4 protein chains.
Amino acid sequence: MAKFTYEGDIMDKYNTFKDSLGEVRVASDKYWGATTQRSLENFKISDEMMPNEIISALASIKKCSAKANHYFDLLSDEKLKAIELVSDEIISSSLDEHFPLKIWQTGSGTHTNMNVNEVISNVALDKYGVKLHPNDDVNKSQSSNDTFPSALKIAIYKLANDKLLAKLKELEKNFAKKEDEFKYIVKSGRTHLMDATPISLGQEFSAYKYMLINNRKMIEQNLRFLLELPLGSTAVGTGINTPGNYQERVISILKNESGYDFKASENNFHGLTSMDFFVNLSGSLKSLALNLIKISNDLRLLSSPSASRCMDFIRLYPTSG
Amino acid sequence: MAKFTYEGDIMDKYNTFKDSLGEVRVASDKYWGATTQRSLENFKISDEMMPNEIISALASIKKCSAKANHYFDLLSDEKLKAIELVSDEIISSSLDEHFPLKIWQTGSGTHTNMNVNEVISNVALDKYGVKLHPNDDVNKSQSSNDTFPSALKIAIYKLANDKLLAKLKELEKNFAKKEDEFKYIVKSGRTHLMDATPISLGQEFSAYKYMLINNRKMIEQNLRFLLELPLGSTAVGTGINTPGNYQERVISILKNESGYDFKASENNFHGLTSMDFFVNLSGSLKSLALNLIKISNDLRLLSSPSASRCMDFIRLYPTSG
Amino acid sequence: MAKFTYEGDIMDKYNTFKDSLGEVRVASDKYWGATTQRSLENFKISDEMMPNEIISALASIKKCSAKANHYFDLLSDEKLKAIELVSDEIISSSLDEHFPLKIWQTGSGTHTNMNVNEVISNVALDKYGVKLHPNDDVNKSQSSNDTFPSALKIAIYKLANDKLLAKLKELEKNFAKKEDEFKYIVKSGRTHLMDATPISLGQEFSAYKYMLINNRKMIEQNLRFLLELPLGSTAVGTGINTPGNYQERVISILKNESGYDFKASENNFHGLTSMDFFVNLSGSLKSLALNLIKISNDLRLLSSPSASRCMDFIRLYPTSG
Amino acid sequence: MAKFTYEGDIMDKYNTFKDSLGEVRVASDKYWGATTQRSLENFKISDEMMPNEIISALASIKKCSAKANHYFDLLSDEKLKAIELVSDEIISSSLDEHFPLKIWQTGSGTHTNMNVNEVISNVALDKYGVKLHPNDDVNKSQSSNDTFPSALKIAIYKLANDKLLAKLKELEKNFAKKEDEFKYIVKSGRTHLMDATPISLGQEFSAYKYMLINNRKMIEQNLRFLLELPLGSTAVGTGINTPGNYQERVISILKNESGYDFKASENNFHGLTSMDFFVNLSGSLKSLALNLIKISNDLRLLSSPSASRCMDFIRLYPTSG
């Protein structure tokens, strides 16, 4: 397999790379390079893989960045074409085996960003005969400091919007059906695991339906913060090493490609360093989890026959009011 | 001190109450009654008091409920007047010593709801000579199941809106001043505790400012869910034991009294049972906490002299890309 | 592939099972049965597999239980032999692909317990021509209620003892070497990220070494609680459906097979229902994590060049005392 | 009120102190000094007071340190006597109002350590006419870095041993009585909220009893780590500014005074910096909490009448095995 080697010899089973940190050998049937291999060797912990959705989001970023760099005359037609082709392959999941890294690596996702750069560069050479430098071409106008938080936002937004919210709507519909079906079944409302005043089973299911509606609203509004991307602001937020208007251009391309309403961070220095978006969103997800647990526990209790033999011996007295 | 006693004798130092659960003695200089006293004796745990803000919110509810009940001819002019007067005293904090309960009590806040009912009833008798039944008058058209979650929402909304958001705006302004003051101080941007490309100190403070702006937006939008109140839906959400349109009326009174845009829960069965509002809001508060910790740690590091003597011996190698 | 079918037809690609819950089809190249297949279809959530270590611990339990049942004349020589052979295959990991279940299933691990029963029964028939009933033979004198918590304890004890503690000892040795190597390097001790009184770098590394020694002691003593097994106490702790002294016998066999000092729970009703052992142990593991994070952060700070340009502008005043 | 002033004038309502950080005014009826006052003004957050148990443990440390310093001829008879007298007053809780600080202060507890030093010094002057310097006399041979973690250990050990474990033993006895009382009440054992095989109610209560026995064992063994004190190792663990054998001496005095088996940390550098003891202990406390919640939930379910009206409509199917 042909590979971009900073300074390498092609051997039988391994390619050997040399760089400032020394030599490293990569299995010759894999498309990753030296940085990926070092991460693999240094972080032999856990089996929690970097999720495909993040790899895929990074590949979208590589493709859109290449288009923007090409627009600013920083990338040739041939190189653009190669990056587009390989990025699409990554997005289509056909190169999954070449992304072996775990989530436990550098804090800023540098290793996975380089993994994508290296695979694009090596596949381009091997399949299309195009020589791409992983850093100078594929990572041009980028830093893992801006691509990785952007990829997290893209991946989470897409997953939440396309999968989670879609599923929630489906479940809402099912609860709505039950609400209707159980409309005239009158039962005892319960407080403190004791009987209280009457309620219909349909009314209880209307609460379940409304829990999901409410959670959906919460998630939708908190997701909106994820549409702001620091992409193009590079290592520390100043946009150093990018051509003028690069950020505007690359995000506009990404918006068109994805169909999502992405825009530039209002403050890139914030966009690079703060994870406040995710923590805020996690509150909505916990809120959903809480409601689903409540629903499940209610159903378990409603279908549980009483352990009534004990009621004569164990009696917790309710308090009035 | 004159007190409403279900069936009680006034003694020297204690009033003795009798009810279905037996006898209970309350110090005669305290305005609470039997339910409160029992909670005090049964839950001798912790020193975490029920916050004044919740007591105060419950007093507002008692006052507005009395007005609504009066409107529906369920309460006399004299009783309404007495409830209003004592509720206002509670809100003004002059009766704080008569609310001795801890947060550790029944899950639904029944004891604190009754504490408010009992104090209103006993103060009304003692100071104004008006005889009020804690349950039949003060708690009319209510259940702790609807008043307590409503009081939580009112108290938290008020605290967050009047105090937290106000303080955040102030801090934003201070960071904006620093952003301007430090505009031309160029320093090294830092990644992984190492020097990276240049940045101005003002740009770093703009990130801090924007963190707070962002957190404020998150809190504001997540607070809005707290404006929906299940007040008036009583024990299980059906509004049993309330006159027609009671919920609409009582919430409209509360809205006018408070100046906040309260409205009826879209689904009262949900409004009574789910705490999803609070969990969702807590995500925004955690997000704020995260940013404040980040800011504090940055400032600590920026003002810390290096432990440079060790750098020759301990060297963690950064990774490129 | 020959399989034990409650009432099944062998087809081309699927085996069809019929039982009280209806029909279910299992791929004919897989050794699992109806219960496993239903779990697979009903719990299509997450990609968190039931860990191999738990499957392996359950296989040990099956083997030791077969020996105990054989001792009490409840299992023939031939059946014992078959269960031993297949259990050993499971333990050696050669049947891993036949355990497809996730950790998200019934709370008591019933599905995984049945998965092991089904695979043993089907492999026995297919490879050795021995007909074993998954429940009446393989699960004899057992219930998932006693086998599953026992398997958790066996698996966690083994992992912690053989892997974690061994690794900790190794790291202790490395820190001891550094303690010696850095003995005469004097540096400034640090408090609040500021210089304090002198210390040697070796003394700092002695603290790291002692953190691990201390954590190892904590883990070792808290692990001891995991040696108590409720194995043999079946569904609710009474040992119903087991022959006299069964628990004593099966645990004594397991102790000999494993080399670990397992013994019967002092109170089986507790052993079945409480997870207190694990929560207690998790405190020791968190304590270790805390120390490792502390060590890592120290090393990051010690190797970090100061952001000294800012010290003139940002100055947090230390407090004395 | 007479007070030790670094350089102060006694005024009507306030004493004014001057030191390197400027002027500060303290109410003249309070015994605290400048450091305490500054903490009070700078950390106006929360109403979570530094617990009395920690103040009291610090006072024990002051007293024992004074004895040790006196032994090494570093403190006069008169000063020792004064420190002993005021420390005992603090321990007896008669000076509680002079400890106004919150738990939110410097990370190392410096402010509270100084609060104790200042109160001892000011009371000594005011009541006994003995002039003590808060730092040079009361804090001699100490640093908040060694006294505060030692005080935490002393306070927690005492609370856990004298109160928590004592209460647990009492509850164990009560469950043992119930175990006996309910010995012949046969009921259905329950799994998954469904009936299973028979069990006696006494057997269920034996499990509750054993939960507590088990938790007590866990807490006892994890508490033992708290007996190791870094007291005497001062600012960074080297024992700088203490006379030879000071640590041995002061801990031996503390052991005799308290009756607890305190000893010197095996590694003082560890003892100063790691909180592993507390995290490890918290695992045992969580384990106890888990069991108490389990017991409470069981009792709630056992005393709950079934919501049986719904069982015809909502049926969750159990799985076999």
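Among the residues of the stretch C:95-112, write down those that are outside any helix (DSSP H, G or I) and under 15 Å from C:Ser60 (Cα atoms).
The one that is outside any helix (DSSP H, G or I) and under 15 Å from C:Ser60 (Cα atoms): C:Leu95.
Residues are listed down the side, and each one gets a yes or a no for (1) of a type in the set (D, E, K, R); (2) over 17 Å from the mean Cα position of the chain (by Cα); (3) surrounded by fewer than 24 Cβ atoms within 10 Å (Cβ to Cβ):
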site	(1), (2), (3)
D:Ser121	no, yes, no
D:Tyr128	no, yes, yes
D:Asp136	yes, yes, yes
D:Gln142	no, yes, no
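For B:Leu168, indicate whether it is within 14 Å of chain A (Cβ to nearest Cβ), at pLDDT 95 or above, in contact with a helix residue (DSSP H, G or I) (Cβ under 6 Å, 6 or more places away or on another chain) and open to solvent by less than 20 Å² (accessible area, probe 1.4 Å). I'd like the intermediate steps shown before the answer.
Working: within 14 Å of chain A (Cβ to nearest Cβ): yes; at pLDDT 95 or above: yes; in contact with a helix residue (DSSP H, G or I) (Cβ under 6 Å, 6 or more places away or on another chain): yes; open to solvent by less than 20 Å² (accessible area, probe 1.4 Å): yes.
Taking the combined requirement at face value, the residue satisfies it.
Return the residues of the stretch C:193-212 that are more than 7 Å from chain D (Cβ to nearest Cβ) and out of contact with any helix residue (DSSP H, G or I) (no Cβ under 6 Å at 6 or more places or on another chain); say none if nothing qualifies.
Across the stretch C:193-212, the qualifying residues are C:Met194, C:Asp195, C:Pro198, C:Ser200, C:Leu201.
Does C:Lys286 satisfy the condition of being under 22 Å from the mean Cα position of the chain (by Cα), away from chain D (no Cβ under 14 Å) and among the basic types (Lys, Arg)?
Spelling it out, it is not the case that C:Lys286 is under 22 Å from the mean Cα position of the chain (by Cα), away from chain D (no Cβ under 14 Å) and among the basic types (Lys, Arg).
If the requirement is being open to solvent by less than 10 Å² (accessible area, probe 1.4 Å), among the charged types (D, E, K, R) and touching a residue at least 40 places away in the same chain (Cβ under 8 Å), which of these qualifies: A:Lys81, A:Lys62, A:Lys67? It would help to see each step written out before you state the result.
Values: A:Lys81 fails: open to solvent by less than 10 Å² (accessible area, probe 1.4 Å); A:Lys67 fails: open to solvent by less than 10 Å² (accessible area, probe 1.4 Å).
Going through A:Lys81, A:Lys62, A:Lys67 in turn, the sole match is A:Lys62.
Output yes when any residue across the stretch C:113-130 is outside any helix (DSSP H, G or I) and at pLDDT 95 or above, and no when none is. Break it down into steps so the answer makes sense when it comes.
At the first step, the residues of the stretch C:113-130 found to be outside any helix (DSSP H, G or I) are C:129-130.
Filter once more, so that each one left must be at pLDDT 95 or above: C:129-130.
The answer is yes; a qualifying residue exists.
Within the group C:Leu223, C:Leu227, C:Leu292, which residue is touching a Ser or Thr at 6+ places or on another chain (Cβ under 9 Å) and either at pLDDT below 95 or of a type outside the set (Phe, Trp, Tyr) (or both)?
From the options C:Leu223, C:Leu227, C:Leu292, the qualifying one is C:Leu223.
Cβ contacts < 7 Å: first residue farther than 23 Å from D:Gly189 by Cβ and in a helix (DSSP H, G or I), restricted to the stretch A:288-313; second residue of a type in the set (Phe, Trp, Tyr) and modelled with pLDDT of 90 or more, any location; separation 6+ or different chain. Result?
A:Ile295/A:Tyr208
Mind listing whichever residues of the stretch C:250-280 are in contact with a Phe, Trp or Tyr (Cβ under 9 Å, 6 or more places away or on another chain), facing chain D (nearest Cβ under 7 Å) and in a helix (DSSP H, G or I)?
Result: C:Phe269, C:His270, C:Asp276, C:Asn280.
Consider only pairs whose beta carbons are under 6 Å apart and that are at least six residues apart or on different chains; among these, list those whose first residue lies in the stretch B:234-263 and is under 11 Å from B:Ser143 (Cβ atoms) and whose second residue is small (Gly, Ala, Ser) and outside any loop (DSSP other than H, G, I, E, B).
That search, which allows pairs on different chains as well, returns B:Ala235/A:Ala196; B:Val236/A:Gly189; B:Val236/A:Ala196.
Only one of these is in a helix (DSSP H, G or I), within 14 Å of chain A (Cβ to nearest Cβ) and closer than 19 Å to B:Ser252 by Cα: B:Leu80, B:Leu58. Name it.
After applying the criteria, what remains is B:Leu58.
Here are the criteria: (1) modelled with pLDDT of 95 or more; (2) open to solvent by less than 40 Å² (accessible area, probe 1.4 Å); (3) over 25 Å from the mean Cα position of the chain (by Cα). Tell me which single one B:Met218 does not satisfy.
So the condition that B:Met218 fails would be (3).
How many of the residues in the stretch A:131-161 are in contact (Cβ under 8 Å) with a residue 24 or more places away in the chain, in a helix (DSSP H, G or I) and within 13 Å of another protein chain (Cβ to nearest Cβ)?
Adding up the residues that qualify gives 8.
Kindly establish whether B:Asn245 is away from chain A (no Cβ under 11 Å) and of a type outside the set (Phe, Trp, Tyr).
yes
Determine whether C:Ser188 is surrounded by fewer than 20 Cβ atoms within 10 Å (Cβ to Cβ) and either out of contact with any Cys (no Cβ under 7 Å at 6 or more places or on another chain) or not hydrophobic (A, V, I, L, M, F, W, C) (or both). Write out each step before concluding.
Values: surrounded by fewer than 20 Cβ atoms within 10 Å (Cβ to Cβ): yes; either out of contact with any Cys (no Cβ under 7 Å at 6 or more places or on another chain) or not hydrophobic (A, V, I, L, M, F, W, C) (or both): yes.
In short, yes.
Please work out if D:Leu74 is surrounded by fewer than 23 Cβ atoms within 10 Å (Cβ to Cβ), at pLDDT 95 or above and not in a helix (DSSP H, G or I).
When the stated conditions are applied, D:Leu74 passes them.
Being closer than 23 Å to D:Thr112 by Cβ and open to solvent by less than 60 Å² (accessible area, probe 1.4 Å) is true for just one of D:Leu229, D:Leu212, D:Leu159, D:Leu193. Which residue is that?
D:Leu229
Can you tell me which of (1) surrounded by fewer than 22 Cβ atoms within 10 Å (Cβ to Cβ); (2) touching a Gly at 6+ places or on another chain (Cβ under 7 Å); (3) outside any loop (DSSP other than H, G, I, E, B) is the one B:Gln247 doesn't meet?
(1)
Within the stretch D:144-156, which residues are open to solvent by 10 Å² or more (accessible area, probe 1.4 Å) and either of a type in the set (Ser, Thr, Tyr) or closer than 16 Å to D:Thr110 by Cβ (or both)?
Selection gives D:Asn145, D:Phe148, D:Pro149, D:Leu152.
Show the residue pairs meeting these rules: Cβ distance below 7 Å; 6+ apart or different chains; first residue within the stretch A:176-204 and more than 19 Å from B:Ser108 (Cβ to Cβ); second residue of a type in the set (S, T, N, Q).
Here the result reads A:Glu179/A:Ser206; A:Phe182/A:Ser200; A:Lys183/A:Ser200; A:Tyr184/A:Ser200; A:Ile185/A:Ser200; A:Val186/A:Ser200, each pair linking the stretch A:176-204 to a residue that is of a type in the set (S, T, N, Q).
Just the residues that are β-branched (Val, Ile, Thr) and surrounded by fewer than 23 Cβ atoms within 10 Å (Cβ to Cβ), please, taken from the stretch C:84-94.
C:Ile91
Count, please, the residues in the stretch C:95-119 that happen to be among the charged types (D, E, K, R) and either open to solvent by less than 10 Å² (accessible area, probe 1.4 Å) or in contact with a helix residue (DSSP H, G or I) (Cβ under 6 Å, 6 or more places away or on another chain) (or both).
Summing the residues that are among the charged types (D, E, K, R) and either open to solvent by less than 10 Å² (accessible area, probe 1.4 Å) or in contact with a helix residue (DSSP H, G or I) (Cβ under 6 Å, 6 or more places away or on another chain) (or both) in the stretch C:95-119 gives 1.
The values are calculated or read from the model by the stated rules, or taken from the named source; none is laboratory data. All of these numbers come straight from a predicted model, not from anything done at the bench. FYI the Cβ positions are ideal-geometry reconstructions off the backbone, even for glycines, and counts take in every protein chain you see. Only protein heavy atoms, including side chains, enter the accessible area calculation; ligands, DNA and RNA are left aside. Shrake-Rupley method; radii C 1.70, N 1.55, O 1.52, S 1.80 Å.
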